[in-house]
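Note sheet for the following structure.
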Protein chains: 2
Amino acid sequence: MTGGLTMWAARALSRALRAYCTSAPCPRPSQLPRVSIRDALVSQNPRGENMKVQGWVRSVRSQKEVLFLHINDGSSLEHLQIVADPSLDSCDLTFGCSVEVQGVLVKSPYKKQNVELKADKIEVIGHCDPKTFPFKYKERYPLQYIRQYPHLRCRTNALASILRVRSEATDAIHSFFKPSSKVKKQGKNFFGVPAFLTVSAQLHLEVMSGAFTQVFTFGPTFRAENSQSRRHLAEFYMVEAEMSFVESLQDIMQVMETLFKSTTEAVLSNCPEDVELLHKFIAPGQKDKLEQMLKNKFLIISYTEAVEILKKASQNFTFTPKWGVDLQTEHEKYLVEYCGNIPVFVINYPFDLKPFYMRDNEDEPQHTVAAVDLLVPGVGELFGGSLREERFHLLQQRLARLGLTDTYQWYLDLRRFGSVPHGGFGMGFERYLQCILGVHNIKDVIPFPRFSHSCLL
Amino acid sequence: MTGGLTMWAARALSRALRAYCTSAPCPRPSQLPRVSIRDALVSQNPRGENMKVQGWVRSVRSQKEVLFLHINDGSSLEHLQIVADPSLDSCDLTFGCSVEVQGVLVKSPYKKQNVELKADKIEVIGHCDPKTFPFKYKERYPLQYIRQYPHLRCRTNALASILRVRSEATDAIHSFFKPSSKVKKQGKNFFGVPAFLTVSAQLHLEVMSGAFTQVFTFGPTFRAENSQSRRHLAEFYMVEAEMSFVESLQDIMQVMETLFKSTTEAVLSNCPEDVELLHKFIAPGQKDKLEQMLKNKFLIISYTEAVEILKKASQNFTFTPKWGVDLQTEHEKYLVEYCGNIPVFVINYPFDLKPFYMRDNEDEPQHTVAAVDLLVPGVGELFGGSLREERFHLLQQRLARLGLTDTYQWYLDLRRFGSVPHGGFGMGFERYLQCILGVHNIKDVIPFPRFSHSCLL
């Protein structure tokens, strides 16, 4: 059993050599199948298969009778144990170097692992001087320390786990919106068309939702916010969805809640070890908090009710809560705690606080729009969404009042020609990862954080 | 059988109403399941199920005895035929308006379709004045005409088909790199971790490939090219992959070829009607060309051989082919035709033409690097890739000569601490779509094209 690329490479080499191929470096003879460490580790009954593995050395223990190595290639949190004759040791074999190991996979006599590789050849591919390498063997560093080394930090367990979780969550989000083609044919397609807009913006999604009833996009978004907060980045990922023919905010909230829960369940089931590591060392207590979020139905309160709750609070806020004013971070935090740390939808915000495209609730005396934010423990606002103003005359009046009629003729056209009730939401992907993993600083859940006045790499 | 969202909405509404919910607009009673047109059309044996469908009217034919409508919701190219009593007609029921139709799905007595909906209620949701709507019933417009209406063009068959193909191709690319979790557990994971870098740049992928052996990213890329070409955009999508422990350019080329072929086969099998429409009306002859590309093994020639071929050509080029100078569009075109319109890898480019990170072949007298471009019919360069210089001293010398040593200390670190032979490639996603569909202008394969001196929406 080999990883996909390996199989391919082997297949490719076994084919007749192509005409004219003169590429360098010259191919080394490579009969042995290359196996990923993840694949090696899941072997239940190794029968002494010959193979090679490649990766980076995580520990070297040279004893009189035996040499132990642990190597990791990023495919799993767990390392593969290599057992070899001490004669295979060399001074180049250090923590951090890259190696290729050939040998046979056998049942391990040790309790800690199921299998191990009995090596007959160990080749150091790339050296690593342990004196200058910024990470030391067996040290556990805080995230803010490894953040100084954005180009090397994915070699640490914590960052590698976060990035595997990020990758699984990305997959899960795609699967949520676009089940595999096979399933789709059985009538389960949810968000049919089309993934990936170049412009990750809700107004453009609205254009698409004028021809396709459910659309989503997932990609980078840029904000010029000059914030040094632990919750803000200049460049972050956003999942956005837009749905036509919706009947109420309920429809939108239902999708938001299911997206959160199904993505999280996929992550928990596909990389339990990574999540466990992070919950254990980075965010003790987070496991229980997450279980609370998953097992309870999310709550719903109106903005007006939220302000009443804040006004009655015994806590002294820096910003006095008042109807018609935006909720501040401290308010969001209080509201989530008030709700027993269960995620809470806050709906129906003041008309004057929100952008022109949100649907007028036509209520009084407190005039609101059909907007919704989802507040979650530890992070605050995770999703924002709304019904959009689909009624031509109401939208036209608002644009006229703002002096935007000319700019938004194209947007008015969407209401002129076959308008439909519609709405949607956006979810900040990094905040989502912070929320489920309990990672305090948003810079630790993205491979290369960009934030104001800083661009390390 | 209902579409995913529909099922959810129904489930959501059937649950007890949540506390505090005061969202507007007020929910309409909605007992009938909402079915996507795609799902309705695939019903083999309709048994008079009651349902509602929603979408946009594509034709209205009112006869004495019967009213025929065709409606489309973007879920498929094919429309659903609605059959109703002429009394349900109204002056609002026009080409382009949005409707909700309730009725029963029955076997159609007409040859053109398998099923039709016998309507007992037709509600016009959003009007559409046929006099001002820029598209007319039954007209087929050239792509450059509909390009004037970026906010409405996805209501045309051609653009909707292109966008469905784009969506399928996006899915297929994700599936290529990340098979579903279920399959993955059986040891088939190809590119494990992590999808989605914020920075879609090869140097950053190299950072990741220093801890994970296969990584990929798929997202928007920005270029300040001041080109009005049919092949350039200021913002386009790029698929990039990086692989550690590769042995030669062969490994990279094998992945490129398999990515192209498996993605295309998935598109052809998942949206055959859309591809057929485009091949028929937009690019006659493209079907055969594509078959040629898929059934032949891609060719490989060296840059040096390419220049020799061009020198011997009887054709007069605007730019005289010469070793050491970049290939021009006219050269690429000639080479692809010379190769019988089979995609061709051109490898081993002059050292002085290529960026510092490409791997030195250390050959002479014609000094080259291990770079590869894939040229394809109709488009020219579709992929670019290379082995990367993994040898510390060679890289250090080149950076020093360029005066870039300080800037790229972090990049040198990757070679200092456990370097591995690695390489990768990038594929322009819009050019890929142009290539398989035969769409001449790149602006027609992306929802919202951004190009120099133009930003319509």
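The values are calculated or read from the model by the stated rules, or taken from the named source; none is laboratory data. Here the structure is a predicted model, which is why all the values come from computation and not from measurement. Every residue, glycine among them, receives a Cβ derived from its backbone with ideal geometry; neighbour counts consider all protein chains shown.
Go through the residues of the stretch A:193-203 one by one and say whether even a single one is at pLDDT 90 or above, surrounded by fewer than 24 Cβ atoms within 10 Å (Cβ to Cβ) and either out of contact with any Pro (no Cβ under 9 Å at 6 or more places or on another chain) or under 30 Å from A:T329 (Cβ atoms) (or both). Quick ask: steps written out before the conclusion?
The first filter runs over the stretch A:193-203 and keeps only residues at pLDDT 90 or above, leaving none.
No, the stretch A:193-203 contains no residue that is at pLDDT 90 or above, surrounded by fewer than 24 Cβ atoms within 10 Å (Cβ to Cβ) and either out of contact with any Pro (no Cβ under 9 Å at 6 or more places or on another chain) or under 30 Å from A:T329 (Cβ atoms) (or both).
Answer yes or no: is there a residue in the stretch B:6-17 that is of a type in the set (K, R), surrounded by fewer than 16 Cβ atoms within 10 Å (Cβ to Cβ), modelled with pLDDT under 90 and not in a loop (DSSP other than H, G, I, E, B). Full working, then the answer.
The first filter runs over the stretch B:6-17 and keeps only residues of a type in the set (K, R), leaving B:11, B:15.
Checking the rest, the ones that are also surrounded by fewer than 16 Cβ atoms within 10 Å (Cβ to Cβ) come to B:11, B:15.
Among the residues that remain, those that are also modelled with pLDDT under 90 are: B:11, B:15.
In the following step, the residues that additionally are not in a loop (DSSP other than H, G, I, E, B) were identified as B:11.
The answer is yes, given that some residue of the stretch B:6-17 is of a type in the set (K, R), surrounded by fewer than 16 Cβ atoms within 10 Å (Cβ to Cβ), modelled with pLDDT under 90 and not in a loop (DSSP other than H, G, I, E, B).
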Practice prompt. Could you tell me whether any residue of the stretch B:122-130 is modelled with pLDDT under 95 and farther than 30 Å from B:P33 by Cβ?
Written response: yes
Worksheet entry | Selection within the stretch B:246-257 - in contact with a helix residue (DSSP H, G or I) (Cβ under 7 Å, 6 or more places away or on another chain) and not aliphatic (A, V, I, L, M) | B:Q250, B:D251, B:Q254
Worksheet item: Can you find even one residue in the stretch A:356-378 that is under 24 Å from the mean Cα position of the chain (by Cα) and assigned to a helix (DSSP H, G or I)?
Response: no
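Being among the polar types (S, T, N, Q) and either facing another protein chain (nearest Cβ under 9 Å) or surrounded by fewer than 20 Cβ atoms within 10 Å (Cβ to Cβ) (or both) is the filter here; which residues of the stretch B:250-275 pass it? Full working, then the answer.
Step one: filter the stretch B:250-275 for residues among the polar types (S, T, N, Q), giving B:250, B:254, B:258, B:262-264, B:269-270.
Selection gives B:Q250, B:Q254, B:T258, B:S262, B:T264, B:S269, B:N270.
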Practice prompt. Name the single residue, out of those in the stretch B:34-48 being buried (at least 17 other Cβ atoms within 10 Å of the Cβ) and of a type outside the set (G, A, S), that is nearest to the other protein chains (Cβ to nearest Cβ).
Written response: B:D39
Worksheet item: Of all the residues that make up the stretch B:77-101, how many are in contact with an Asp or Glu (Cβ under 6 Å, 6 or more places away or on another chain) and part of a strand (DSSP E or B)?
Response: 3
Worksheet item: Conditions: (1) closer than 28 Å to B:H440 by Cβ; (2) in contact with a helix residue (DSSP H, G or I) (Cβ under 9 Å, 6 or more places away or on another chain). B:T329 meets all but one. Number of the miss?
Response: (2)
Worksheet item: Looking at this structure, is A:R415 at pLDDT 95 or above, closer than 30 Å to B:T132 by Cα, within 34 Å of the chain's Cα centre (by Cα) and basic (K, R)?
Response: no
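Could you tell me whether B:G55 is surrounded by 14 or more Cβ atoms within 10 Å (Cβ to Cβ), within 14 Å of chain A (Cβ to nearest Cβ) and part of a loop (DSSP other than H, G, I, E, B)?
Values: surrounded by 14 or more Cβ atoms within 10 Å (Cβ to Cβ): yes; within 14 Å of chain A (Cβ to nearest Cβ): yes; part of a loop (DSSP other than H, G, I, E, B): no.
It is false that B:G55 is surrounded by 14 or more Cβ atoms within 10 Å (Cβ to Cβ), within 14 Å of chain A (Cβ to nearest Cβ) and part of a loop (DSSP other than H, G, I, E, B).
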Discussion item. What are the pairs with Cβ atoms under 6 angstrom where one residue, in the stretch B:375-386, is farther than 7 Å from B:F425 by Cα and the other, located anywhere, is in a loop (DSSP other than H, G, I, E, B) and modelled with pLDDT under 95? Sequence gap at least six, or different chains.
Written reply: none
Practice prompt. State which residue is farthest from B:S76 (Cα to Cα) when the search covers only the stretch B:117-150 and only residues that are buried (at least 22 other Cβ atoms within 10 Å of the Cβ) and touching a Leu at 6+ places or on another chain (Cβ under 6 Å).
Written response: B:I122
Discussion item. Considering only the stretch B:64-78, I want to know if a residue exists there that is more than 11 Å from every other protein chain (Cβ to nearest Cβ), under 33 Å from the mean Cα position of the chain (by Cα) and polar (S, T, N, Q).
Written reply: no
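How many residues does the stretch A:390-406 hold that are away from chain B (no Cβ under 11 Å) and not in a helix (DSSP H, G or I)?
Total meeting the criteria: 5.
If you check A:E362 against the conditions, is it surrounded by fewer than 19 Cβ atoms within 10 Å (Cβ to Cβ) and not basic (K, R)?
Details: surrounded by fewer than 19 Cβ atoms within 10 Å (Cβ to Cβ): yes; not basic (K, R): yes.
Yes, satisfied.
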Worksheet, complete the sentence: When (1) within 23 Å of B:F222 (Cα to Cα); (2) in a helix (DSSP H, G or I); (3) out of contact with any Lys or Arg (no Cβ under 7 Å at 6 or more places or on another chain); (4) more than 10 Å from chain A (Cβ to nearest Cβ) are applied to B:R431, the one that fails is (3)
Worksheet item: Which of the following residues is free of Cβ contacts under 8 Å to residues at least 60 places away in the same chain, surrounded by fewer than 21 Cβ atoms within 10 Å (Cβ to Cβ) and facing chain A (nearest Cβ under 8 Å): B:E305, B:E247?
Response: B:E305
Worksheet item: Residues in the stretch A:445-454: is at least one charged (D, E, K, R) and assigned to a helix (DSSP H, G or I)?
Response: no
Discussion item. Is it the case, given these coordinates, that B:L412 is closer than 27 Å to A:H151 by Cβ, in a helix (DSSP H, G or I), touching an Asp or Glu at 6+ places or on another chain (Cβ under 8 Å) and of a type in the set (A, V, I, L, M)?
Written reply: no
Discussion item. Please pick out the residue among A:V115, A:V124 that is touching a residue at least 12 places away in the same chain (Cβ under 8 Å), of a type in the set (A, V, I, L, M) and under 19 Å from B:R415 (Cα atoms).
Written reply: A:V124
Worksheet item: From the list A:L163, A:L105, which one is in the same structural domain as A:C435 (by the TED database), over 26 Å from B:R391 (Cβ atoms), among the hydrophobic types (A, V, I, L, M, F, W, C) and not in a loop (DSSP other than H, G, I, E, B)?
Response: A:L163
Discussion item. Looking at the stretch B:63-76 only, could you name the residues that are part of a loop (DSSP other than H, G, I, E, B) and either assigned by the TED database to the domain that holds B:C271 or surrounded by 18 or more Cβ atoms within 10 Å (Cβ to Cβ) (or both)?
Written reply: B:D73, B:G74, B:S75, B:S76
